[in-house]
Structure formats: C-alpha cells, structure tokens
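The structure under discussion appears below in the form of structure tokens.
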Amino acid sequence: MKLTWVDIRSLDQEKVAVLEESVHQRVDGVVTDDPTDLATLPPTVKKILFAGESFLSDEIASVDLVIVDTHTHGSTSDLTRRFPNVEFARYVEIIDSATLDDACHAARTERWSVLYFRDPTKIPLEIVIAAASNAEGNIITVAADAVEAKIIFGVLEHGSDGVMMAAAKVGDATALKAASSERPPSLDLVELEVTGTRHIGMGERACVDTCTYFRKDEGILVGSHSKGMMLCVSETHPLPYMPTRPFRVNAGAIMSYTLAADERTHYLSELEAGSKVLAVDVKGQTRLAIVGRVKIESRPLISVDAQAPDGTAVNLILQDDWHVRVLGPGGSVLNSTELKPGDKVLGYLPRADRHVGYPISEFCLEK
C-alpha cells in the first residue's frame, strides 16, 4: 500500500468529520498548520505539521513530523539536532529546472520529501523518481484530487511513495485511500476437471484487447455462469500462422461473464475502450487491465464443461479453434479443441449471485 496523507488546512466546518473519516479509513497521516487539530489522533495516524513560514517552537514536540522549507527554517539535519524527537520533511515546489534539481537532491538525500509540482505534466515526477531510484527516503507528492493521486501512484510503474491531498469535503479521505491500493486482492484458484466438450455451431465471440502486456502465465477469468469461470490465456504464446498479440485474450462468447474490480462481473459484450478487467495469473495474483478495444465477430463455437472439487459445474463457450487456449495447473497452456474429459484447467468460483454485475445473496439458477 502507498502512503496517504490527508491535508485538512483548508477545512473549517467539516474538519472534525474529515478527521473522523481519516481515522476510520486508516490513512497514514493528517496534515495541518495547527497542532491542536492533531491532539485527538490515535498513534496509528502520523501527526504532521505544515510549518509554512511560521517560526518553529517547542510546540512541535507534540507532533510526529514537520514539513519545512529549508530556505525558511534551515536544513533538516540542523532541525533534527534541535528537536531530536521529531521527524522533518523537506518541502519543494517545482516550477523550473532549478527547483527540479532541488527536488531530485531532496529525494536522494532526505528521509522525507514533500513535492508540489505546479505544472500538470508528470514528466518532472518521472525524473525525480528515476533520480531517487536507489535512495531510502520517501517521496510524498501533492495531488489535487483522488484521480490525480491514482496517476501519481502509477508514474514510471513505481509511483510516488505517497500522496498528500487536501480534503475539500467528507468522502475525500475515503477516495484517497481507495486510490492508494496498488492491486486488487489475490484469488483462490481451483483445479477444474473437464467433463466434456461440444461443437455447438456459429455465434459471436469477443476478443478483449487491453492496454497492457499479459505475462505468459496470465489471462482473464471467463465463464457462462457467474459462479464458475475458467482462466483464458492471452495470445502471448507463439502460434505458427500469426504473430503473438500479448495484449489480447480471445475470451469467449459474448454473453460470458468476466471479472473486474471488487468481484464485479461484466458481460464480454458490454466491455468497451476504457473498461477494466481483472488480469489473473496461475497463482491467483491479480491486477487491473484497461480495455483498449473489444472485437466481436462470428465464429464457430465450442462449449467446454468442467467440474470443481466441490461439485460446482462450470461452463465456458470459446471460439472453436485450436489456437484459442486456457491455462492449466503450473501454467500449462491447453488448446481448447484438444481438451478431453479428465484434463485439468484452472478456474475460479465466485460465491455470490449477481445483479447488474454486483455480488448479491439471492436465489438464482443458472444452467
């Protein structure tokens, strides 16, 4: 998880409510310019004072960390000698190449660096992250909102170590915490035993093209029923008649379910550019992949039936061609048209029924 700091300096009437929300959401720190705001925070939340242009006094002894401008307050090493029980973070506002150099130096040498990039481009942040790639300190980047925070967390694939975001209203701390999640939780995959296959004729199937490269042991979960899915592999593995397309999963018939964030399902037919699907590897590790395009075309289809260890029946309808594949135990790649009873494939068994894709506990019979 990335670090989340909620800045409450601009709040008035909603300050108490946002503080309560921040504690409830387990944010990592609360930032203010008034130490009395921090008095009731539990020890699990870092008490952070933004010193601004004020003169530092003994009152900072009650906080955990102070954000300072070294041009105003002196070096963090000198401040640490004066206040040995308080941590200090160097604040740098990046407006040109000179201040970018300052930010790079701070990121390499300071325990904490709080960086505010005045321009919306993320290239200066990329430079800072690269410059500090082997440093042990923490880079905290100021974000305008949770949308920008999510982008900051992903810059150069590493992202900033944390984000400081000013809360404007109740709900902002929750949004920031959600943006800080690096990846969705892992899934408990199961081995399914194939019980039979049938050539069922023509129909529409969907290829899901994403804006990322899949690994060779990775694909997306697809199934005809919401309570059972198989792991369809991407076109990462070589084929004799066509180049690899490691961004693509030839996923299945258009009415099939696939899994996205928070265990929500989507029909393959409703995915579009900008949608998100859950990429899953053979160990159950997951990440979100952005859809760039969905190709729906008429093709011969094959129906694959399988059974889980607990007896759950699973079905998947795929394009009836041997180059369409699923993943088996250990990352084995299985051609769909060569599957036979007794073969093992990897799958997942969501436990809840679905209503417009959301998990819900209700009676639902799928067959």
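The values are calculated or read from the model by the stated rules, or taken from the named source; none is laboratory data. Please read these numbers as outputs of a predicted model, since none were measured by experiment. Cβ placement follows ideal geometry from the backbone for every residue including glycine, while neighbour counts extend to all protein chains displayed. Ligands, DNA and RNA are excluded from the accessible area calculation, which covers all protein heavy atoms including side chains. Shrake-Rupley method; radii C 1.70, N 1.55, O 1.52, S 1.80 Å.
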For this session: Could you please state, rounded to a whole Å, how far the C-alpha centre of segment 186-236 is from the C-alpha centre of segment 78-129?
Result: 46
Exercise. With the Cα gyration tensor of segment 1-128 giving a ≥ b ≥ c as the square roots of its eigenvalues, does the rule (a/c under 1.5 for rounded; else a/b larger than b/c for prolate; else oblate) give rounded, prolate or oblate?
Worked result: oblate
Exercise. For segment 84-144, how big is the tail of P(r) above 16 Å, as a whole percent of Cα pairs?
Worked result: 37
For this session: Would you work out what percent of the accessible area of the chain, with all protein chains in place, is carbon or sulfur (probe 1.4 Å)?
Result: 51
Problem set entry | Pair V147, S75: separation of 7 Å Cα→Cβ label points (nm) | 4.3
Problem set entry | Greater than 20 Å apart at Cα, pairs in K276/K344; K2/K47; K2/K283; K47/K177; K295/K340; K47/K122 | K276/K344; K2/K283; K295/K340; K47/K122
For this session: State the percent of C-alpha pairs, over all pairs in the chain, separated by a distance greater than 28 angstrom.
Result: 54
Problem set entry | Debye intensity ratio in log₁₀ form over the Cα atoms of segment 164-234, taken at each q of 0.15 Å⁻¹ | -0.81
Exercise. How big is the charge dipole of segment 55-213 about its Cα centre, in debye rounded to the nearest 20, if each Lys and Arg gets +1 on its Cβ and each Asp and Glu gets -1 on its Cβ?
Worked result: 180
Seminar exercise, completed: Expressed in µm² per second, the diffusion coefficient of segment 198-308 from the Stokes-Einstein equation, with Rh the Kirkwood radius over alpha carbon pairs, at 20 °C and 1.002 mPa s, is 152
For this session: Report relative contact order for segment 1-110 in percent, whole number only (criteria: Cα-Cα under 8 Å, sequence separation at least 6).
Result: 16
Problem set entry | Degrees separating the helix 97-109 axis from the principal Cα axis of the chain, which is the longest one | 80
Seminar exercise, completed: In debye to the nearest 20, the charge dipole size for the chain, taken about the Cα centre with +1 at each Lys and Arg Cβ and -1 at each Asp and Glu Cβ, equals 1260
Problem set entry | Å² per residue, accessible surface of the chain at 1.4 Å | 48
Exercise. Hey, what did the chain get for relative contact order, percent, Cα under 8 Å, at least 6 apart?
Worked result: 15
